[in-house]
Amino acid sequence: MVRARQAVITEPYKTTVREVELADPAPNQILIAAEYSAISAGTELAVYTGTHQWLKDPNLPDWKFPFRSGYSAAGRVLKVGKEFPGGFQEGDRVSYPGNHASAELLTVGHERCRVWKMPDALTFDKAAVACISRYGMGASVRAGLTLGRSGAVLGLGIIGQFSLRCMMAAGMSPVVGIDAVKMRRDAALAAGADHVIDPTAGDVKQQLAAYLNAKGAEVVADATGVPAAIPTAMSLACDAGQVIVVGSPRGIAKDVNFYDDLHRRYIEVSGAHGNMLFEAAHTRLAGAWDVDKAQTWLLRQLANGRLSLAGLVTHTITPEQLGDAYEGLLKDKDNYLGVLMKWV
């Protein structure tokens with residue numbers, strides 16, 4: 001038996017750390033000890049505030065309080081069931097979609113049972129963000145041809161930061177970040193963004209057009225998670241441009257002029273959820289992407305530095321500080337961006 005600590009949201013606006021005992025893995029299971037896990041602010045804050053739509057779905061029993069938050073971690077394999085696929089061995093350094101927990105059993109067949117070996121040069125703190133980064137990466141994958149195309153990212157939270165950084169790693173240029181929070185803009189510049197825009201400083205569309213010397217960007221990623229921002233993202237795209245929604249928009253968008261703003265400008269608006277995008281059915285994606293290829297690419301880019309984490313991680317916390325981190329992410333956006341939880 002392994003004694004594990006789990007950071008849990010017990011009810012809206014309340015968190016705790018509990019201890020559980022984990023048995024040795026069954027033949028179809030793997031037991032992993034975490035070094036770091038990373039907070040996905042959009043999803044986790046939606047649960048923390050009680051607003052996530054899946055909490056009300058009776059067909060999703062995992063999405064109920066007490067809720068085990070988190071889906072991005074890195075650590076070492078403790079034990080492997082004899083039928084578990086992939087050739088993993090005790091001691092392997094791995095990235096996996098883990099909850100905030102010191103140790104975890106993953107079972108073949110469960111949606112979160114995915115494990116990837118880490119490149120030798122990659123540290124655990126960097127690998128911990130790999131699963132979250134896939135959600136931002138969706139903009140580059142959905143865009144198809146990326147090399148030399150101009151890109152803009154609306155909203156520079158954790159998903160928007162990865163959208164912007166993956167665009168750069170995929171060869172898009174110039175890449176522009178847009179956010180009202182100076183710290184987020186500075187983080188984008190630290191990672192190598194070509195330009196940033198403060199929407200409070202004037203009309204965003206005019207600012208973007210002036211910088212690009214063009215009507216708009218060829219690819220616009222909306223990472224705000226706000227439905228009302230999608231018409232704004234459409235306005236920032238050039239004619240025949242692409243708008244790719246990577247932030248999960250919880251709610252209903254209004255005031256969309258489909259004739260003038262989409263139909264006559266032949267704009268493509270696409271969803272790019274970091275899980276659904278890589279389902280086997282999406283064979284039309286250039287590059288024959290699946291989730292394993294995506295995560296392997298991300299881990300390699302994190303290891304070799306082409307996917308920069310400069311300016312991203314603002315806090316490293318203990319499990320007991322999870323509630324404080326959520327409050328910071330909600331209310332102190334000038335100081336909180338990327339948050340890691342350290343387990344060892």
Practice task
Among what's in segment 251-278 and is over 30 Å from C113 (Cα atoms) and surrounded by 17 or more Cβ atoms within 10 Å (Cβ to Cβ), pick the residue that is nearest to the chain's Cα centre (by Cα).
Solution key: V269
Problem - Residue match in segment 295-308 (condition: of a type in the set (G, A, S), in a loop (DSSP other than H, G, I, E, B), open to solvent by less than 50 Å² (accessible area, probe 1.4 Å) and more than 30 Å from P12 (Cβ to Cβ)) - result: yes
Completion exercise
Scanning segment 309-337 residue by residue, the ones that are part of a helix (DSSP H, G or I) and among the aromatic types (F, W, Y) total 1
Fill in the blank from the handout: Scanning segment 61-111 for residues that are open to solvent by less than 50 Å² (accessible area, probe 1.4 Å), closer than 28 Å to T43 by Cα and charged (D, E, K, R) gives E104
Handout entry: Within segment 211-250, considering residues that are touching a Leu at 6+ places or on another chain (Cβ under 7 Å) and assigned to a loop (DSSP other than H, G, I, E, B), the one surrounded by the fewest Cβ atoms within 10 Å (Cβ to Cβ)
Key = G216
Exercise for the section: Only residues that are assigned to a loop (DSSP other than H, G, I, E, B) and in contact with a helix residue (DSSP H, G or I) (Cβ under 6 Å, 6 or more places away or on another chain): list them for segment 94-147, please. Expected result: P97, M118, P119, A121, L122, T146
Completion exercise
(1) open to solvent by 30 Å² or more (accessible area, probe 1.4 Å); (2) in contact with a Phe, Trp or Tyr (Cβ under 9 Å, 6 or more places away or on another chain); (3) outside any strand (DSSP E or B) all hold for P25 apart from (1)
Exercise for the section: Would you confirm whether any residue within segment 6-15 is in contact with a His (Cβ under 6 Å, 6 or more places away or on another chain) and surrounded by 14 or more Cβ atoms within 10 Å (Cβ to Cβ)? Expected result: yes
Practice task
Taking E35 as meeting all but one of (1) of a type in the set (D, E); (2) part of a loop (DSSP other than H, G, I, E, B); (3) in contact with a helix residue (DSSP H, G or I) (Cβ under 7 Å, 6 or more places away or on another chain), write down the number of the exception.
Solution key: (2)
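If you take the residues in segment 279-289 that are without any contact (Cβ under 8 Å) to a residue 40 or more places away in the chain and either in contact with a helix residue (DSSP H, G or I) (Cβ under 9 Å, 6 or more places away or on another chain) or acidic (D, E) (or both), which one is least open to solvent (accessible area, probe 1.4 Å)? Break it down stepwise before answering.
The initial filter retains those residues of segment 279-289 that are without any contact (Cβ under 8 Å) to a residue 40 or more places away in the chain, namely 279-284, 288.
Next, only the ones that are either in contact with a helix residue (DSSP H, G or I) (Cβ under 9 Å, 6 or more places away or on another chain) or acidic (D, E) (or both) stay: 279, 282.
Working: E279: 89, H282: 55 Å².
Of everything passing the filter in segment 279-289, H282 is least open to solvent (accessible area, probe 1.4 Å).
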Exercise for the section: Return yes or no: is L156 open to solvent by 40 Å² or more (accessible area, probe 1.4 Å) and touching a residue at least 60 places away in the same chain (Cβ under 8 Å)? Expected result: no
Completion exercise
The correct count of residues that are under 14 Å from T123 (Cα atoms) and of a type in the set (A, V, I, L, M, F, W, C) in segment 297-312 is 6
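Residues are listed down the side, and each one gets a yes or a no for (1) of a type in the set (D, E); (2) without any contact (Cβ under 8 Å) to a residue 60 or more places away in the chain:
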| site | (1), (2) |
| --- | --- |
| G148 | no, yes |
| M167 | no, yes |
| S173 | no, yes |
| R184 | no, no |
| D203 | yes, yes |
Fill in the blank from the handout: By residue number, the members of segment 28-60 that are open to solvent by 50 Å² or more (accessible area, probe 1.4 Å) and over 24 Å from the mean Cα position of the chain (by Cα) are N28, P58, N59
Practice task
Check G70, G50 and return the single one that is part of a loop (DSSP other than H, G, I, E, B) and touching a helix residue (DSSP H, G or I) at 6+ places or on another chain (Cβ under 9 Å).
Solution key: G70
Completion exercise
With criteria (1) assigned to a helix (DSSP H, G or I); (2) within 27 Å of V243 (Cα to Cα); (3) of a type in the set (D, E, K, R); (4) open to solvent by 80 Å² or more (accessible area, probe 1.4 Å), D292 comes up short on (4)
Problem - Some residue of segment 318-327 being open to solvent by 20 Å² or more (accessible area, probe 1.4 Å), farther than 27 Å from R93 by Cα and not β-branched (V, I, T) - result: yes
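The values are calculated or read from the model by the stated rules, or taken from the named source; none is laboratory data. Treat the numbers as computed from the prediction; the structure is a model and nothing was measured. Don't worry about glycine lacking a Cβ; one is built from the backbone with ideal geometry, like all the others, and counts go over all protein chains shown. For the accessible areas, the whole protein counts, side chains as well, though only heavy atoms, and no ligand, DNA or RNA atoms are used. Shrake-Rupley method; radii C 1.70, N 1.55, O 1.52, S 1.80 Å.
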